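The values are calculated or read from the model by the stated rules, or taken from the named source; none is laboratory data. These figures come from a predicted structure and were not determined experimentally. Note that each Cβ is placed from the backbone with ideal geometry, even for glycine, and that neighbours are counted across all protein chains shown.
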Amino acid sequence: MYDVCVIGAGPAGTTLARLIGGRLRVLLADARQPQSGIIAQGTGKPCGGLLAPAAQRELARQGLYLPAEVVSGPQLFAVRALDVPSGVARYYQRHYLNIDRTRFDRWLASLVPGDVETLLGWRADAIDTDRYGHTIRFTGPNGVHASARARLVVGADGAASFVRRALLGHRPSAPRYVSIQGEFEPTASDAYYGAVFAPSLTDYYGWTVPKAGSILVGGACVPGAGTVSRFDELVRLVRAGGAPAGPEVSRVSAPLLRPSHPRHIVLAGDRVALVGEAAGLVSPSSGEGISYALRSGAALARALESGLDGAEVRYRREAAMVTAGVAMRMGKSSVVYSGATRRAIMRSGLGSVTPASARPLASEFGYR
């Protein structure tokens, strides 16, 4: 029997496995296929790949440094926020680090010690619980089945967490969005990241992120009929607003949570813990989740230093500042996504900078 079975090998799961691997018997499972012992190329996750200051601080706290191949380009220093209804654009200084998200995930996975057993390319699809622990059932390549026993199951499996549904399905979950992101050929270089507010298309936002040799355009929409067409319209708007997005190369989509109440954050139950977005730990104002994944994985590792007994209670205590950070951003979200308030702030120019090379809106820019 394993002490801990971690389901999900993203930043939260690999952080936890790395920190507890030498002390406990750990199984790390992920539905993605392995490649050279680590997670394969292609996360299938829409992510702009911007490492926020909070994530940078947590990497520093854990004593980690980014290898050169993880860092992408260009490194930019401002976000261009565009309010579509008013046509107002403002520039705000930000301190993001532009990274390759796939390589970042693979790098974190490569740090997991060799004594952590892995089950990669296998999907968890059932969990049975008895007085001694859990039996997790997996389906692998070609429909082959396997199972494992563990005293503690950790859900690090993202917004559509199977672990949360299977073991804590009675707890409320945050509203779910569909996040879609396309990779486009660039028609020119761009000096800014982009944030686009188009309330006719989504009550969340869209983004543009220049990369080395491409530009990413993404958006989060309420799921339902017309989601894809709304994203296509968002692409048209960002092009009309000046984003140098040429022909589309590829497109990915995935669910994204947007917690709006503290009860949407669920950290633990009886012999089960959730980390990262599976726990509802994601910014409701920006959708940023890497910092919360790193911090919650580390918090659970600290809770397990004294053993498995009582770890759920200790985890809630260790993660208190993480959950408080998400709760604080719920208030920020209500301000940012209030159209009248956002437009008043942007029109005032409060906190903005005015770059000498600021581009005007294209003449064909329109709002429908």
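Can you tell me which residue is nearest to Gly49 (Cα to Cα) among those in the stretch 287-321 that are in a loop (DSSP other than H, G, I, E, B) and more than 16 Å from the chain's Cα centre (by Cα)? This residue is Ala319.
Restricting the stretch 59-81 to residues that are in contact with a Phe, Trp or Tyr (Cβ under 7 Å, 6 or more places away or on another chain), part of a strand (DSSP E or B) and of a type in the set (A, V, I, L, M, F, W, C) leaves a set whose member that is nearest to Ile345 (Cα to Cα) is Ala81. You will find that of Val266, Val238, the residue that is under 30 Å from Arg165 (Cβ atoms) and in contact with a strand residue (DSSP E or B) (Cβ under 8 Å, 6 or more places away or on another chain) is Val266 and no other. Taking the criterion of being charged (D, E, K, R) and surrounded by 20 or more Cβ atoms within 10 Å (Cβ to Cβ), the residues of the stretch 80-98 that qualify are Arg80, Asp83, Arg90.
Checked against the criterion of being of a type in the set (A, V, I, L, M, F, W, C) and touching a helix residue (DSSP H, G or I) at 6+ places or on another chain (Cβ under 6 Å), the candidates Ala240, Ala303, Ala254 yield just one match: Ala303.
Scanning the stretch 232-243 turns up one or more residues that are without any contact (Cβ under 8 Å) to a residue 40 or more places away in the chain, surrounded by fewer than 17 Cβ atoms within 10 Å (Cβ to Cβ) and in a helix (DSSP H, G or I).
Quick check on Val335: is it free of Cβ contacts under 8 Å to residues at least 12 places away in the same chain and in contact with a Ser or Thr (Cβ under 6 Å, 6 or more places away or on another chain)? Here the answer is yes, as Val335 does meet what is asked.
Here is a yes/no grid of residues against (1) at pLDDT below 90; (2) in contact with a strand residue (DSSP E or B) (Cβ under 8 Å, 6 or more places away or on another chain); (3) in the same structural domain as Asp115 (by TED's automatic domain parsing):
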residue: Ile20; (1), (2), (3): no, yes, yes
residue: Ile38; (1), (2), (3): yes, no, yes
residue: Glu58; (1), (2), (3): no, no, no
residue: Gln62; (1), (2), (3): no, no, no
residue: Val70; (1), (2), (3): no, yes, no
residue: Arg80; (1), (2), (3): no, yes, no
residue: Tyr91; (1), (2), (3): no, yes, no
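Output the number of the condition that Phe77 fails; it satisfies all remaining conditions of (1) crowded, with 21+ Cβ neighbours inside 10 Å; (2) more than 23 Å from Ala254 (Cα to Cα); (3) out of contact with any helix residue (DSSP H, G or I) (no Cβ under 8 Å at 6 or more places or on another chain); (4) not acidic (Asp, Glu). Only one criterion is unmet by Phe77, namely (1).
From the list Ser333, Ser363, the lone residue that is of a type in the set (S, T, N, Q), modelled with pLDDT under 95 and under 30 Å from Gly8 (Cβ atoms) is Ser333. Of all residues in the stretch 336-360, those satisfying the criterion of being at pLDDT below 90 and either over 27 Å from the mean Cα position of the chain (by Cα) or surrounded by fewer than 12 Cβ atoms within 10 Å (Cβ to Cβ) (or both) are Thr354, Pro355, Ala356, Ser357, Ala358, Arg359, Pro360. Please work out if Ser283 is in the same structural domain as Ala17 (by TED's automatic domain parsing), at pLDDT 95 or above and surrounded by fewer than 24 Cβ atoms within 10 Å (Cβ to Cβ). Criteria met by Ser283.
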